[in-house]
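Student: Handing you a structure now.
Values quoted throughout were computed directly from the atomic coordinates according to the rules given, and no laboratory measurement underlies them. Note that this is a predicted model, so its numbers are computed, not measured. When we count neighbours, we look across all protein chains shown, and the Cβ atoms used for this are built from the backbone with ideal geometry, even at glycine.
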Amino acid sequence: MFKNLCSVLCGLIFTALGSELALCQVTIEGAYIRQVIPGQKATAAYLRLRNQNLVACRFVSVEADIAERTEFHSHVHVNGMMKMRQVKELVVPQGEVLEFRPGSLHLMLFIKEPVAIEKSSSTITFRSPDCGDVTQLVSIRNNIG
Ligand SMILES: [Cu+2]
């Protein structure tokens, strides 16, 4: 219902102005970055990406303030072992939510030291050639499993 209304509204706005407005974009929900443990070079971030755009959105890269490099990672089982594997790009179908959570798909932040240990938050930016950039300030939390 909401999805349909959103599509109609966006359609009207696109037609009227020929440009993209703040409505019906991709949003980041429930995001947090796991606190960096001193001595470690990387940490993970978890969130939900909700696509309220009119089209499927393909994300080709992601960046974080506190990281030199940020990657999409998935967990896979190889010979009974849990391993992380880089995922080059992700697609969120129109109207759907992609979840990044512990033990599954996640963002891997290869951190800048000592910045990452001192800060309590970092911006995270997803880049999509179809849907533009999606940026949010995300807090860094401790004591999360
Ligand atoms: Cu990882």
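Student: From the residues 90, 131, 106, which one has its Cα farthest along the dipole of the stretch 24-141 in the positive direction, the dipole being from +1 and -1 charges on Cβ of Lys/Arg and Asp/Glu about the Cα centre?
Tutor: Comparing the listed Cα positions along the dipole, 106 ranks first.
Student: Within the stretch 42-122, report the trypsin sites (Lys or Arg not before Pro) that DSSP leaves as loop and that have at most 12 other Cβ atoms within 10 Å.
Tutor: When the trypsin sites (Lys or Arg not before Pro) of the stretch 42-122 are filtered for loop state and at most 12 Cβ neighbours within 10 Å, 88 remain.
Student: Suppose every K and R has +1 on its Cβ and every D and E has -1 on its Cβ; what is the size of the dipole of the stretch 52-111 about the Cα centre, in Debye to the nearest 20?
Tutor: Dipole magnitude for the stretch 52-111 comes out near 260 debye.
Student: Moving on to the next point. Cut-off under 17 Å on the C-alpha distance; same-chain residues fewer than 8 positions from residue 119 excluded. Which aspartates and glutamates are left, in chain and number order?
Tutor: Straight-line reach from residue 119, under 17 Å: 63, 65, 68.
Student: Also: Pop the C-beta distance of residue 99 and residue 79 into the FRET formula with R0 = 35 Å and round what comes out to the nearest 0.05.
Tutor: With R0 = 35 Å, the Cβ-Cβ based efficiency is 0.85.
Student: Another question, then. Relative to the Cα centre, what is the charge dipole magnitude of the stretch 25-145, using +1 at the beta carbon of each Lys and Arg, -1 at the beta carbon of each Asp and Glu, and rounding to the nearest 20 debye?
Tutor: 320
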